[in-house]
1. Provide the net charge surrounding Asn193, with neighbours chosen by a C-beta distance below 13 Å and charges set as Lys +1, Arg +1, Asp -1, Glu -1.
2. When the chain is fully extended, how far beyond the present Cα-Cα distance does Ser314 get from Asn194, taking 0.36 nm per residue of separation?
3. Would you kindly state how much longer the chain becomes between Tyr161 and Ser324 on full extension, computed as 0.36 nm times their sequence separation minus their alpha carbon distance, in nm to one decimal?
4. Under the 0.36 nm per residue contour assumption, what length would be gained going from the current alpha-carbon distance of Gln346 and Arg106 to full extension?
5. Determine the sum of side-chain charges near Asn316: Lys and Arg each +1, Asp and Glu each -1, restricted to other residues whose C-beta is under 13 angstrom from that of Asn316.
6. Report the net charge of residues surrounding Lys277, where surrounding means a beta-carbon distance below 14 angstrom and charges are Lys +1, Arg +1, Asp -1, Glu -1.
7. Name the residue farthest towards the positive end of the dipole of the range 241-376 from the options Asn287, Phe352, Gly363, assuming +1 on Cβ of Lys and Arg, -1 on Cβ of Asp and Glu, about the Cα centre.
8. Computed FRET efficiency, Cβ-Cβ of Glu377 and Leu175, R0 56 Å: what is it to the nearest 0.05?
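Nothing in this text is a laboratory measurement; each read-out follows from the coordinates by a stated rule. Here the structure is a predicted model, which is why all the values come from computation and not from measurement. In this analysis, Cβ positions are derived from the backbone assuming ideal geometry, glycine residues included, and neighbour counts consider all displayed protein chains.
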Amino acid sequence: MSTVKREEISLYQEAKASLSSLFWQTAQVFTSLLVIFLFAGGKPPGWLVTTSFVVGTVFVFWRENKRTKDGSSEHKQINNNEHKPNKSMVPTYKSYKQRKANQVLRRSIAEKETTIDDQSDAKFNASANYFEKADYVSSEQSYAKQTNMDRDSKIQKWQNYFNFALIIIIFTAPLFTFGIKELGKKNYKIYKNNQGMIAEINSKPLVYSSPVISQIPTDDNPEKTQKLSKSVEPQLVEPIEVENKGIIYNFKNCQKSLNVNSSTQSISCAILITSTKENVQLRLYSNRTSSQRSRLLDQGKEYVATKVEFGTYSSNRIGYVKNSLIKDVPIEAIIDFDGVPLELNQIDILQFTSYLESSYYKGKLNTELRNLPVIPEK
């Protein structure tokens, strides 16, 4: 092997060792940053997670290649020895002298038998030397060709590893980005939910006492008492109303009506809504979102509104109805609930959400009416 080739191989090995050391240090840096983020309880950025994943993957492939190369070093050494030219085949001075002596002996024998032209003998010797040199040069060329093939094979293998790592980056980077965006959306939704709950707690209206139902007078005549108990209906001593941001919600009644299923009923609650400050726009929700809906609660059970009527308008598929209020002129709103048990005769809480658009306020209003009686169908 020539001195130039040895220097090329030595430089290649030094460059590979330097690159391996640099890559290992880079992997340690990114891994340390990722561990610090995780132990600190924070969310690592997407580029750090992606880079750490890629560096770790390439490092695993590099270690696997190094292990395979070390395990097959003995086999490669045998192959390299087979491709190297046999030094015993290289002509030496001693063998050349012996060959010359043999040629002189052959020449003397040939001269005794027949006369051989000196020019023919010289051509024979030149041909023999040519073929010996050709064999030596061919052996050197074969060894150099095999060395180049081994180097090209290593380069191709590292190119394949790089292409595979690039494919992993292309496929995983969008997934990491999408996951981080989805987490951000969920966090924002939770934050908005919390803000809505805080606003709902802060804007709770005053709680009014439950209505007092007049007692049925008793009499010595049981038949008369029975007739009175059947004819007398509960009456409210005082009206139930709530004022919020200049809007008065006056409870009118909640009435039963049987639906298709004989074990349940529908309830319609009527409310008079009045603006006391100015002409405004008001929106009522039936069931749009968790923070924009109407519901009633009774003995731990929740029933969500299926329909809302506000004047001549009724809720559409997006779950709300909108109407204009004239100052000091009430408009009736009716909220319908389906699937309510037959035994329900009083509502613990009627809660509904509205949205006010006025010159002095623009935003949601959360209103509650408590302890509401339910009257039978007329």
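1. +3
2. In short, 40.2 nm is gained.
3. Here the segment from Tyr161 to Ser324 would lengthen by 51.7 nm.
4. The Gln346-Arg106 span can extend by a further 72.8 nm.
5. Net of charged neighbours comes to +4.
6. Result for the local shell: -1.
7. Gly363
8. In this case the efficiency is close to 0.45.
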